[in-house]
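Below is one structure; the comments refer to it alone.
The values are calculated or read from the model by the stated rules, or taken from the named source; none is laboratory data. Note that this is a predicted model, so its numbers are computed, not measured. Here the Cβ positions follow ideal geometry from the backbone for every residue, glycine too, while neighbour counts run over all protein chains shown.
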Amino acid sequence: MAGPDSDGEPRRGRAGFAGPSPSREVRNPSEGSEVERGGRAGFAGPSPSREVRNPSHGSEVDDAREAVRALVGQFRTHLEIRGRSGLLGVSGSSKRASVDAPAISAPSSPSPSFESSELEAGVAAGDRPPAGKLRTGANGLKLLRDEIGDCQRCKLAPSRTNLVYGVGNPDAELVFVGEAPGADEDAQGEPFVGRAGQLLTKMIEAMGYRREDVYICNVLKCRPPGNRNPEPDEVSSCEPFLKRQLAALRPRVIVALGKFAAQCLLRDDTPITRLRGGFRSYEGIPLMPTLHPAYLLRDPSKKKLAWDDLKAVNAALARVGIHPPRPPAA
Ligand code: SF4
């Protein structure tokens, strides 16, 4: 996977990624800065605008606005979940409509956080698609890969060695989405195989899964030269492929690795240090933003935060009876 990964060392062992204590750390309000590559790529939607405070009763007005925002967010999530559940007929059913028309419109505003009860419904709504349907699971992924072909849709095509589509279980409950291929990934045609990828594998194993149990892909399928930030035209050309991948996969939970993937999928330019730690909604699917493995290589002290996020993912899955094949690290 992408991202500079030349400095820092991952911790050793299966839980070498996990932090020593299960307790959550208190966020540092000053950690609003972006933590991976330099600036944003300009793809994210607008942030909620700030309005001028009335000095005479500013706090009351702000409280009311926050309450309205929270209600709107909850209502939007509720509608998304109901929409997905509507396709199912009954929430929690093993049947689900296929994604024969996989084009998905991007959300027009930042995705809301999940309330506790809605999170469970969102995970439950991710039941496996019925057998025999096209454009989901392995069939859907193959059809999309065939359609992408020797893609020349953006300026990254001439410099790539391999197009890096994605790897893993086509029926995965859990999908990890990163930014873009790096040098190792470009050379091998597989996402997350460099040092950051090795750390991601440890993170997945610490959760109790094998790499082949989950699905791993990136927003961009081709390497930006020199591991530079993806540019908006490249994102707009390639992101529809990711959306269709996710539509074919229909995971229970998505883990967005790093600010780029999280901001892109959520249309939210909040720094990853504030996005992480709580579930958001991507098309009604619970999405956990977390820190990118390349960032964790540079700052191993943040591994505990990422581990907290991944434990929350396991807990959300456990609420609907989905457990990893092996015991997770403590
Ligand atoms: S990055 Fe995406 S859109 Fe650009 S050439 Fe590669 S596959 Fe095509």
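What about residue 278, is it in a loop (DSSP other than H, G, I, E, B) and without any contact (Cβ under 8 Å) to a residue 24 or more places away in the chain? Criteria not met by residue 278. For residue 225, the conditions (1) buried (at least 23 other Cβ atoms within 10 Å of the Cβ); (2) in contact with a helix residue (DSSP H, G or I) (Cβ under 6 Å, 6 or more places away or on another chain) are fulfilled apart from (1). Checking 187, 196, 180 one by one, the residue that is part of a helix (DSSP H, G or I) and closer than 22 Å to residue 150 by Cβ is 187 and no other. With respect to (1) buried (at least 24 other Cβ atoms within 10 Å of the Cβ); (2) free of Cβ contacts under 8 Å to residues at least 40 places away in the same chain, the lone exception for residue 201 is condition (1).
Of the numbered conditions (1) touching a residue at least 60 places away in the same chain (Cβ under 8 Å); (2) under 15 Å from the mean Cα position of the chain (by Cα); (3) not in a loop (DSSP other than H, G, I, E, B), residue 289 satisfies every one except a single condition; which is it? It fails just one condition, (1).
Residue pairs whose Cβ atoms lie under 6 Å apart, separated by 6 or more positions or on different chains, with the first residue in the range 151-167 and part of a loop (DSSP other than H, G, I, E, B) and the second more than 8 Å from the ligand (Cβ to nearest atom) and of a type in the set (Gly, Ala, Ser), are 161/187; 162/189; 164/189.
Being part of a helix (DSSP H, G or I) and modelled with pLDDT of 95 or more is the filter here, so list the residues in the range 215-231 that pass it. Across the range 215-231, the qualifying residue is only 225.
Name every residue in the range 242-257 that is touching a helix residue (DSSP H, G or I) at 6+ places or on another chain (Cβ under 6 Å), in a helix (DSSP H, G or I) and of a type in the set (Gly, Ala, Ser), in order of residue number. 248, the sole residue that qualifies. Taking every residue in the range 312-327 that is more than 15 Å from residue 213 (Cα to Cα) and pairing it with any residue that is part of a helix (DSSP H, G or I), at least 6 positions away or on another chain, the pairs with Cβ-Cβ distances below 7 Å are 316/119; 316/123; 319/120; 319/123; 320/120; 320/123; 320/124.
Pull up the range 197-243, narrow it to residues that are among the small types (Gly, Ala, Ser) and within 24 Å of residue 306 (Cβ to Cβ), then point me to the one that is farthest from the ligand (Cβ to nearest atom). Among them, the one singled out is 208.
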